[in-house]
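Engineer: Take this structure first; my questions come after.
Since every read-out is calculated from the coordinates, none of them should be taken as a lab result. Values in this document were obtained by computation on a predicted structure and should not be read as measured data. All Cβ positions, even for glycine, are placed from backbone atoms using ideal geometry, and neighbour counts span all protein chains on display.
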Amino acid sequence: MGGVNAMKKGIVLCLILVMVLAVSTFGQRYERHETLYAGGGLWEPPSNWNPMQPWGAVSGTIGLIYETLFTYDPITDTLSPWLAHEGEWVSDHIYRLKLRDGIQWSDGKLMTADDVVFTFTLPGKFPSVHFRSLWEQFESVVAVDPLTVYFTFSNPRYHEWSWQLYQIPVLPKHLWENLTETQVLAASNEGNVIGSGAYLFETYDLDRMIYLRNENWWAKTHLGMEVAPKRVVYIRALSNNVMLGMIMKGEELDVSNFFLPGIPAIKGPYDIHTWYEGEPYMLSDNTAFLFANNTKAPLDDPILRRAIAFAINSEEICRRVFEGMVLPSNTMGFLPSDGWMKYYIEEVAEAFGFSYDPAIAKKLLDDAGYRVAAGGMRVTPDGKPFKLEIIVPFGWTDWMESIRIIALNLRAVGIDAEARFPDYAGYFEQLSTGDYDLAINNFNSRLSSTPWTLYNWLFHDIYDDLATSGNFQRYMKDDIPDLIDQFNEIKMDDLEQGRKIMAQIQELYLTQMPAIPLWYNGMWFQANTNVWQNWPGEMNENKSYPTTWAGTWQLGGLQMLTQIYPKQ
Amino acid sequence: MGRYLRRKVAIYLLTLFFAITLNWILPRMMPGDPILSLLSRLATQPQQIQRVHTFLEQSFGLDKPWYEQYFSFWRSMFVGDLGISITHFPKPVTQIIMDALPFSLLITLPAILLSWIVGNKFGAFAARKKKMDNWVLPIWYVLTATPYLWLGILLSWSLGVVLNIFPIAGAYSYQVRREWTSTFVLSYLRHWVLPFLSLFIVQLGGWAIGMRNMIIYELEADYSRFMETMGAPSKLIRKYAYKNAILPQVTGLAVQLGVIVTGALTTEIVFSYPGIGNLLFEAIKRRDYFLIQGCFLFVVIGVLLANFFIDIAYVLIDPRVRLSMGGEKT
């Protein structure tokens, strides 16, 4: 018994000793007015900082650490040189790019044209690099002097190029040239995170990623720009509700790109900043589409798809589910940004477009022979009853509520429909294998420099019968894809020619109605003004696109950090 | 004793084998392609997604026939390699579990043990005080029926947002670093309180009710009555009743401790607390075979170990088991 007592005493003593030791050293606390707490683009513990794996890299890897040649501002629709000093098509097939002089990697080495050549030709070495299709368009990529690169294209696709110019991060050749395929494509890059950007990799833990300001950032001298926060603490969240509480407290969350329900109600009392002061509060970032499986009867009938489009009350969804924080989509699914709207053909929209009108939906169905059978639901023209299942991933509450409304809308015109909620992997498998009726998706309908990205996502070919990234409706005809390719090959400044082709695409789109645009998901953005001020907004001089989502910092998120300042 | 142990160990090994095999089979039978979900947001040309997909499939070995995958799974498990997680690509599963486990255990272990101890004492106490029992029992019933999620939100809202006494998210302040300093330790403790309380309070009710009912039952049992008639002091009778009543509670405790590595999912979500519960939940939703296997491996081992220790503990705390084993020998 004595032994046990002695042991107990020992343990207690040890504990006290540890406590004393712990208390005797004070840890560092980040200075509040130098630190920005952000969240909205990190859902898993940080585990990947590899810019060649954009699907897995922690938000900020591209944008804060690794930078792109250009940036794109969706508010003003301008593509601006960033690492590039300038870039232009010197002939139909040759693009000349000049790099800024004196850009340093964070290890002190200079960035040169060789780094650019290395990056853009990496898919030649490792075919699984994600921009291989771009590389396949090159005839040659040559550095003629330390700052100039000539890209010679066999078959230039101008729209795609304009988009890739602000997507592909430039890599430091001296650190990457000896890496193996596995290191480039299947390793985390930890320990090798050397970029040219405004921030450095400092540290991370299970629930946060911490960036430290790069005091030697090139833009300070070249552009007179400086990022205000010394540290960016990027917070991983497990639920939106916690983040709602955090942004209201404002102690450890300054800017949030979470979808937070209830913002209209708490905005005033808690002084939460949003882009617009009133509805819709948020900018539009991407379009949510209702995909209809074009290969599955009876949805293979364009008339039925058009009737569905007329039957859905997007306005009601925006109001009831999103509390007015999103806007109903236009008939084409085009985001209200100049870069896209200059290709929106008003005449086509008027002639062939749709809007919520159950009477038209019913008439379309009646005329096509979808008569109402006993029980009040319609049957196909050959007399078969049918029921449509609408799916979204379980737990995506806003979408779950939306498809409940859509199911009601459809039943109101006599189309039997039901909302279903498989879990994410199940949902995505159904979507990619075409084993579904109707589903909402928005993954790559993002705002961009050209509507080509939208159409490429909606209509590109399906390989091995698997729709991996878009064309979930399984549009198999060649007409629209061919036109999209033609559009891609028209120069960016040839608006007239571009619009001509767009008119054809859009007419086909609206008469076929392969996927139905519903509403614009918001660029969710809420900021607390306790510590940082001058957040971007409609009425403010700071008009940066307020995003911190992975892969979008170069659209305005970084700009935002250069314009905010701490409260005096 | 030796034969008893040998037989137990053999049964445990067999169970282990089947459980681990099931862990391997079940996730693979769910519909869904983990690599497709990983790449679902990659914006590029479809033929390129195919290439990346193939490359990743090969690096995970998912392109091989099932029996090869199964055998290589056993092979690598014996050298402590549980594979690479798909959702946390390219982090090894072992490292993910080891990183998250301390956060989970430091919440769940004290919550379970303390609620067990306090619940037992309190339950036994209330069983003898009729008056107290009358008002405390309904409270326990309410507590034990309270969903963790609801209590968590309530605590977080009242003590966190409205009164602003405790933080509502994270394992320690986002303003400090994880290092051995007073700043960190104090911050960790402040963040620990609410998640701990939300588990402790709910579990307390369950243990207390169990103990109270058992004590009342034991005090009514023949042996208690007999002792009473024989004029034994009530303290002694209570002591025996407690010894008997604690047995089912020990089993309950072991079951709880066995699955402790799965963490406390809802608590983690409500308090945005890093831990293993949410990792496992996400892994299942995204068909991260390797992480699912890894987590369940620990669960299986945990449950078996807990059962094993219970068997041993029963020998120590229950003389009847001890005697029956003695009888077996002769």
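Engineer: Given a Förster distance of 25 Å, report the FRET efficiency between B:Thr54 and A:Trp43 from their Cβ-Cβ distance, rounded to the nearest 0.05.
Structural biologist: With R0 = 25 Å, the Cβ-Cβ based efficiency is 0.45.
Engineer: Reachable lysines from A:Lys109, Cα under 25 Å, same-chain residues fewer than 8 places away excluded?
Structural biologist: A:Lys98, A:Lys125, A:Lys173, A:Lys220, A:Lys230
Engineer: Something else about it: Once a ≥ b ≥ c are taken as the square roots of the eigenvalues of the Cα gyration tensor of the stretch A:366-497, is the result rounded (a/c under 1.5), prolate (a/b larger than b/c) or oblate (a/b not larger than b/c)?
Structural biologist: Verdict is prolate for the stretch A:366-497.
Engineer: Hey, what angle do you get for helix A:358-367 against the long axis of chain A, alpha-carbon based, 0 to 90 degrees rounded to 10?
Structural biologist: 50
Engineer: Return the Cα extents of the stretch A:232-313 along principal axes one, two and three, sorted largest first, each rounded to a whole Å.
Structural biologist: 54, 28, 19
Engineer: With the Cα gyration tensor of the stretch B:241-330 giving a ≥ b ≥ c as the square roots of its eigenvalues, does the rule (a/c under 1.5 for rounded; else a/b larger than b/c for prolate; else oblate) give rounded, prolate or oblate?
Structural biologist: In terms of gyration-tensor shape, oblate.
Engineer: Let me ask another. With contacts defined as alpha carbon pairs under 8 Å and 6 or more residues apart, what's the relative contact order of chain A in percent?
Structural biologist: 21
Engineer: Follow-up question, since we're still on this one. Using helices alone, what [θ] at 222 nm do you get for chain A, with -39,500 (n - 2.57) per DSSP H run of 4 or more residues, divided over all residues and rounded to the nearest 500?
Structural biologist: Taking each H run of at least 4 residues, the total per residue is -9000 deg cm²/dmol.
Engineer: Relative to the present Cα-Cα distance, how much length would full extension add between B:Arg322 and B:Leu113 at 0.36 nm per residue of separation?
Structural biologist: Once the chain is fully extended between B:Arg322 and B:Leu113, it gains 72.7 nm.
Engineer: Taking H as built 1.01 Å from N, whose amide H comes closer than 5 Å to the amide H of A:Ser284, not counting residues under 5 places away?
Structural biologist: Residues meeting the criterion, in which the H sits 1.01 Å from N, are A:Met523.
Engineer: Modelled label-to-label distance, A:Tyr356 and A:Lys267, 7 Å Cα→beta-carbon offset: nm?
Structural biologist: 2.0
Engineer: Grab the eigenvalues of the alpha-carbon gyration tensor for the protein assembly as shown, scale each by 5, take roots, and send me the semi-axes largest first in whole angstrom.
Structural biologist: Working through the eigenvalues yields semi-axes of 54, 34, 28 Å.
Engineer: Of all DSSP beta bridges in the protein assembly as shown, what percent run antiparallel (nearest 5)?
Structural biologist: 80
Engineer: On to the next question. Classify the stretch A:162-313: rounded, prolate or oblate, from the alpha-carbon gyration tensor (a ≥ b ≥ c, eigenvalue square roots; a/c under 1.5 rounded; otherwise prolate if a/b is larger than b/c)?
Structural biologist: Cα axes put the stretch A:162-313 in the oblate bin.
Engineer: Now a separate question. By Kyte-Doolittle mean hydropathy of at least 1.6 and Cα axial length of at least 15 Å, which whole DSSP H helices of chain B are selected?
Structural biologist: B:289-317
Engineer: Provide A:Thr119, B:Thr15 in ascending order of the number of other Cβ atoms located within 10 Å of each residue's Cβ, fewest first.
Structural biologist: B:Thr15, A:Thr119
Engineer: In terms of Cα to Cα distance under 14 Å, which aspartates and glutamates are near enough to B:Lys285, apart from those fewer than 8 places away along the same chain?
Structural biologist: Cα-Cα hits under 14 Å: A:Glu44, A:Asp423, A:Glu429, B:Asp33.
Engineer: Using a 10 Å cut-off around each Cβ, can you sort A:Arg446, B:Arg238 from fewest to most neighbouring Cβ atoms?
Structural biologist: So the residues, fewest neighbours to most, are B:Arg238, A:Arg446.
Engineer: Next question, about the same structure. Can you compute 3J(HN,Hα) from phi for each residue in the stretch A:447-460, using the Karplus curve 6.51 cos²θ - 1.76 cosθ + 1.60 with θ = phi - 60°, rounded to whole Hz and x for Gly and Pro?
Structural biologist: Computed from phi, the couplings for the stretch A:447-460 are 3, 7, 6, 8, x, 4, 4, 5, 5, 4, 5, 6, 10, 5 Hz.
Engineer: Please report A:Cys318, A:Cys14, B:Cys295 as a ranked list, fewest other C-beta atoms within 10 angstrom at the top and most at the bottom.
Structural biologist: A:Cys14, A:Cys318, B:Cys295
Engineer: Continuing with this model, one more query. Rounded to the nearest 0.05, what FRET efficiency is calculated for B:Arg225 and B:Arg6 with R0 set to 45 Å and r the Cβ-Cβ distance?
Structural biologist: 0.65
Engineer: In degrees between 0 and 90, to the nearest 10, how far off the longest principal axis of chain A does helix A:397-412 point, with axes built from Cα atoms?
Structural biologist: Approximately 0 degrees, to the nearest 10.
Engineer: Also, quick follow-up: What are the ³J(HN,Hα) values, in whole Hz, obtained from phi via the Karplus relation 6.51 cos²θ - 1.76 cosθ + 1.60 with θ = phi - 60°, for each residue of the stretch A:258-266 in sequence order, with x given for Gly and Pro?
Structural biologist: With coefficients 6.51, -1.76 and 1.60, one gets 8, 7, 10, x, x, 4, x, 7, 9 Hz.
Engineer: For a distance above 21 Å, tell me the whole-number percent of Cα pairs in the stretch A:348-412 that qualify.
Structural biologist: Of the Cα pairs, 41 percent sit more than 21 Å apart.
Engineer: Quick one: compute the contact order of chain B, relative version, from alpha carbon pairs under 8 angstrom and 6+ residues apart, as a percent.
Structural biologist: Worked out over chain B, it gives 26 percent.
Engineer: Evaluate the relative contact order of the stretch A:263-358 (contact order divided by residue number), counting alpha-carbon pairs under 8 angstrom at least 6 apart; express in whole percent.
Structural biologist: 29
Engineer: Hey, rough spin-label estimate for B:Leu189 and A:Thr295, points 7 angstrom out along Cα→Cβ, what's it come to in nanometres?
Structural biologist: It is 6.2 nm.
Engineer: Give, in whole angstrom and from largest to smallest, the semi-axes √(5λ) of the equivalent ellipsoid of the stretch A:179-231, with λ running over the eigenvalues of the Cα gyration tensor.
Structural biologist: In descending order the semi-axes read 26, 16, 6 Å.
Engineer: Sort B:165-178, A:130-143, A:394-407, B:281-294 for me by packing, meaning the mean count of neighbouring Cβ atoms within 10 Å per residue, highest on top.
Structural biologist: Highest to lowest by the protection proxy: B:281-294, B:165-178, A:394-407, A:130-143.
Engineer: Further question: Taking 0.36 nm per intervening residue step and subtracting the Cα-Cα distance, what contour gain separates A:Glu401 from A:Leu17 on full extension?
Structural biologist: 132.7 nm
Engineer: Using alpha-carbon positions, what is the distance between the centroids of the stretch B:82-102 and the stretch A:289-345, in Å?
Structural biologist: Here the answer is 40 Å between Cα centres.
Engineer: Another question, then. How big is the Kirkwood radius of the stretch A:126-167, worked out from every pair of different alpha carbons and given in Å to one decimal?
Structural biologist: Evaluated over the stretch A:126-167, this radius sits at 11.3 Å.
Engineer: Once phi is turned into θ = phi - 60°, what whole-Hz ³J(HN,Hα) does the Karplus curve with 6.51, -1.76 and 1.60 give for every residue of the stretch A:229-244, x standing for Gly and Pro?
Structural biologist: x, 5, 10, 10, 9, 9, 9, 8, 10, 9, 8, 5, 4, 4, 5, 4
Engineer: Still on this structure, I have one more. Place a +1 charge on the Cβ of each Lys and Arg in the protein assembly as shown and a -1 charge on the Cβ of each Asp and Glu, then give the dipole magnitude about the Cα centre in debye, rounded to the nearest 20.
Structural biologist: 5360
Engineer: Between B:Leu305 and A:Arg96, how many nm apart are label points set 7 Å from Cα along the C-beta direction?
Structural biologist: 6.9
Engineer: Just counting partner chain Cβ atoms within 10 Å, what average do the residues of peptide A:239-251 show around their Cβ?
Structural biologist: Across the residues of A:239-251, the mean count of other-chain Cβ atoms within 10 Å is 5.
Engineer: Further question: What is the angle, in °, between the Cα long axis of helix A:2-24 and the longest principal axis of the Cα atoms in chain A? Nearest 10 is fine, range 0 to 90.
Structural biologist: 80
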